[in-house]
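Scroll down for the structure; my scribbles are underneath it.
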Amino acid sequence: MAFLKRINSRAKTEVNTGFGTSASNYGGRFIDKNGDANVKKEGIGFAESISWYHTMLVVPRWKFMLTILFFYLLVNLLFASIYCLIGVEHLNGITANNPLDKFGQAFFFSAQTFTTVGYGHISPTGFWASFVASVEALFGLLSFAIATGLFYGRFSKPKAFIRFSENAIIAPYEGITALMLRMTPYKNTNLTDAEARMTLGMRIEENGQMVNKFYSLDLEMERINALTLSWTLVHPITEDSPLYNLSKEDFEQGKGELVVYVKVFDDMFSTSVVKRTSYTFDEFVHGAKFLPMFSRSEDSNKTLLYIDKLNHFEFVEL
């Protein structure tokens, strides 16, 4: 309760955040670390709730490749089984006597038909074998067209290649303290016109009920011309800040989350890209400061940016 009483009533609240205000109906954090909304949709069929195209564009690379491989094997196993049901005697060129060998040769014939390679060693005879082969060839053309589109979509999709520090810190700042977090680009891209916003969400008691309250945090610098090195977002904890007079124990006892929104312009794609993340109170470090993460090269001709030092900090007295 002491934490709730110390929240600054002068801080400006935000009402149009898109998050619910009822704390009793909200579970977990508002935004996952990767920037996705922490929401699970119910009351609708699974297939209807999923955009397969968007899913295939954003899944990790290894899952995408495994999905393509699994689909390829499944389709060929299915068509090989159909050829065996029709009878492998309707596939000229199969000379195996063992049922497993026959299925294996039917599988490889299916792979040749599906990919439209057609080596010619095996060919269908009869209406049904020819009909199934023609259907598989059409299905293969359509499947490869979709796979090619997905590969191109993943390859060409604009993305904000920005990493955030794992922790937000409460650090000394011009005679007071400030909430800070750090970000940096990590690919060979040119990002310009970067702008950032930070919103603090906290569960507090209001009229005897726990509610979600959101506060827009003023930043020392909300926009920079180019994001080439690291950028430390700084929210000075002044008398107008909702964090004013909150101690380390308050952060440990309270429930809150810092939502960070960054928009930059990517020169390569000539479009704006967005990156989001969030920090819960248990990811705040009280009494620390970030350590430098770039330096001059030995020949003084380059600036070296150490991405692995993004979250490096040291503890200090406040």
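Since every read-out is calculated from the coordinates, none of them should be taken as a lab result. Small disclaimer: the values here were computed from a predicted structure and weren't measured. When we count neighbours, we look across all protein chains shown, and the Cβ atoms used for this are built from the backbone with ideal geometry, even at glycine.
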query: More than 20 Å apart: what percent of Cα pairs in region 142-288 qualify?
result: 55
- prompt: Which aspartates and glutamates, on any chain, are close to residue 255 with Cα under 19 Å apart, when same-chain ones fewer than 8 places away are left out?
  reply: 14, 32, 166, 205, 206, 282, 283
task: Can you find, among 211, 226, 243, the residue farthest towards the positive end of the dipole of region 178-318? Put +1 on the C-beta of Lys and Arg, -1 on that of Asp and Glu.
output: 226
- line: Sorted by chain and number, the residues with a modelled amide H under 5 Å from that of residue 234, at a separation of 5 or more or across chains, are 220, 221
message: Let me check against my output: what whole-number percent is the relative contact order of the chain, with C-alpha pairs under 8 Å and at least 6 apart?
response: 22
message: Which residue, 310, 121, 65, has the largest displacement toward the positive end of the dipole of the chain when charges sit on each Cβ (Lys, Arg +1; Asp, Glu -1)?
response: 121
message: If packing is taken as the average number of other Cβ atoms within 10 Å across a peptide's residues, how do 290-301, 87-98 rank, most packed first?
response: 87-98, 290-301
message: Could you compute how fast the chain diffuses translationally, taking Rh as the Kirkwood radius over C-alpha pairs and applying Stokes-Einstein at 4 °C with viscosity 1.567 mPa s? Give it in µm² per second.
response: 53
task: Return one number: the angle in degrees, 0 to 90 and rounded to the nearest 10, between the long axis of the Cα atoms of helix 61-86 and the longest principal axis of the Cα atoms of the chain.
output: 20
query: Can you tell which of 147, 288, 47 shows the greatest fluctuation in a Gaussian network model of the chain with Cα springs below 10 Å?
result: 47
- request: Please get the size of the charge dipole for region 180-282, origin at its Cα centre, with Cβ charges of +1 on Lys and Arg and -1 on Asp and Glu, quoted in debye to the nearest 20.
  value: 440
- line: Applying the gyration tensor rule to the Cα atoms of region 140-216 (axes a ≥ b ≥ c; rounded if a/c under 1.5, else prolate if a/b exceeds b/c, else oblate), the class is oblate
query: Of 263/289; 63/263; 157/309; 63/159; 41/187, which sit over 22 Å apart, Cα to Cα?
result: 263/289; 63/263; 157/309; 41/187
Other-chain or far-sequence residues with amide H under 5 Å of residue 244's (modelled H): 8
Cα-based Rg / Dmax (Å) for region 37-104: 19.3, 57
message: Nothing charged except the Cβ atoms of Lys and Arg (+1) and of Asp and Glu (-1): what's the magnitude of the dipole of the chain about its Cα centre? Round to the nearest 20 debye.
response: 380
- request: Go through region 204-237 and name the GluC sites (Glu not before Pro) that are in a DSSP coil and have 16 or fewer other Cβ atoms within 10 Å of their Cβ.
  value: 220, 222
query: Given R₀ = 41 Å, FRET efficiency for residue 128-residue 36 by Cβ-Cβ distance, to 0.05?
result: 0.30
message: Could you give the length gained by full extension between residue 138 and residue 84, i.e. 0.36 nm per residue of separation minus their alpha carbon distance, to one decimal place?
response: 17.4 nm
